[in-house]
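Visitor: Handing you a structure now.
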Amino acid sequence: MVVYIIGVGPGDPEYLTLKGYKAIKDSKIVVGWKGVIDRFSPILEGKEIVILDYKNELEQLNQVVEKAKGENIAILNHGDPSVSDSQFVEKIRNICADKNVKVTIISGVSSLNVLLAKLGLDMNFIGFVTLHVRGDISDYLRNILQILEMGRVAIVIPEPYNDGPQRVAKYLYQNGLNCRVAVFEKLTYENESLRYYDNLISLINDSHNFSDLTIMAIFSK
């Protein structure tokens, strides 16, 4: 039996790939965060659903992987598992290895892809950093500086706090920058939005509470 880690896209359920859809249909148990599970409830009828929570995440994952010895398991992952969830994916890989269960990653569309399309940018001219990580983010913040110093556009998924973009802006401003920024929220959702700032100070002074589904484009010029 298999544990599928399925990238389900950035928001709009129509971004789910056909391969991801088939893996979900082939699985008896479907696992994920509530916001992700809710988006796909129409195709989950008859499935055993496990809603993850941060407090019990490790225990829950161990339990569902144990069940994968007899049933296929689909773990739904926002966006693409390889773009902004390395720690979560590594945790599942380690559990599966310990229990001798096969794990298969099915790629999905990331908010990174959608942002590039909206701004007309190419991967050759950007650098990407996600701050959706647990622990010290100092090295990741320095990576943003290095990308901008190279003259590239820095695409950043900020920390999942309501002032996540402002925190990034403050760090860059404290390091001598004051560049343009575009901040997208809830890409591909019906209520997606774009806030554009001519400089970092404008973003720092913005009292807007951002959602945890936010991605930024920071321009070096």
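The values are calculated or read from the model by the stated rules, or taken from the named source; none is laboratory data. Quick caveat, the model's predicted, so the values are computed rather than measured. Cβ placement follows ideal geometry from the backbone for every residue including glycine, while neighbour counts extend to all protein chains displayed.
Visitor: Considering each residue of the stretch 15-38, count those that are surrounded by fewer than 16 Cβ atoms within 10 Å (Cβ to Cβ), free of Cβ contacts under 8 Å to residues at least 60 places away in the same chain, in a helix (DSSP H, G or I) and over 17 Å from the mean Cα position of the chain (by Cα), and give that number.
Guide: Looking only at that region, the number is 3.
Visitor: Hey, another quick one. Within the set of pairs 6 or more residues apart or between chains, which connect a residue that is of a type in the set (D, E, K, R) inside the stretch 188-217 to a residue that is in a strand (DSSP E or B) with Cβ atoms less than 6 Å apart?
Guide: If the second residue must be in a strand (DSSP E or B), the pairs left are ARG195/VAL183.
Visitor: Another question about this same structure. Give SER41, SER86, SER107 a once-over and let me know the one that is under 19 Å from VAL2 (Cα atoms), hydroxyl-bearing (Ser, Thr, Tyr) and either surrounded by fewer than 18 Cβ atoms within 10 Å (Cβ to Cβ) or outside the structural domain of PHE128 (by TED's automatic domain parsing) (or both). Let's see the steps before the verdict.
Guide: Working: SER41 fails: under 19 Å from VAL2 (Cα atoms); SER86 fails: under 19 Å from VAL2 (Cα atoms).
After ruling out the rest, the residue left standing is SER107.
Visitor: I'm told GLY46 meets every condition in (1) small (Gly, Ala, Ser); (2) free of Cβ contacts under 8 Å to residues at least 12 places away in the same chain; (3) assigned to a helix (DSSP H, G or I) except one. Can you identify the failing condition by its number?
Guide: Condition (3) is where GLY46 drops out.
Visitor: OK, next. Among the residues of the stretch 51-73, is any in a strand (DSSP E or B) and in contact with a Lys or Arg (Cβ under 6 Å, 6 or more places away or on another chain)?
Guide: The answer is yes, given that some residue of the stretch 51-73 is in a strand (DSSP E or B) and in contact with a Lys or Arg (Cβ under 6 Å, 6 or more places away or on another chain).
Visitor: Mind checking which residues of the stretch 118-155 are within 17 Å of the chain's Cα centre (by Cα) and free of Cβ contacts under 8 Å to residues at least 12 places away in the same chain?
Guide: Listed by number, the residues that qualify are GLY135, TYR140.
Visitor: Residues of the stretch 195-221 being buried (at least 17 other Cβ atoms within 10 Å of the Cβ) and part of a strand (DSSP E or B), which ones?
Guide: Within the stretch 195-221, ARG195, TYR197, THR214, ILE215, MET216, ALA217, ILE218 meet the criteria.
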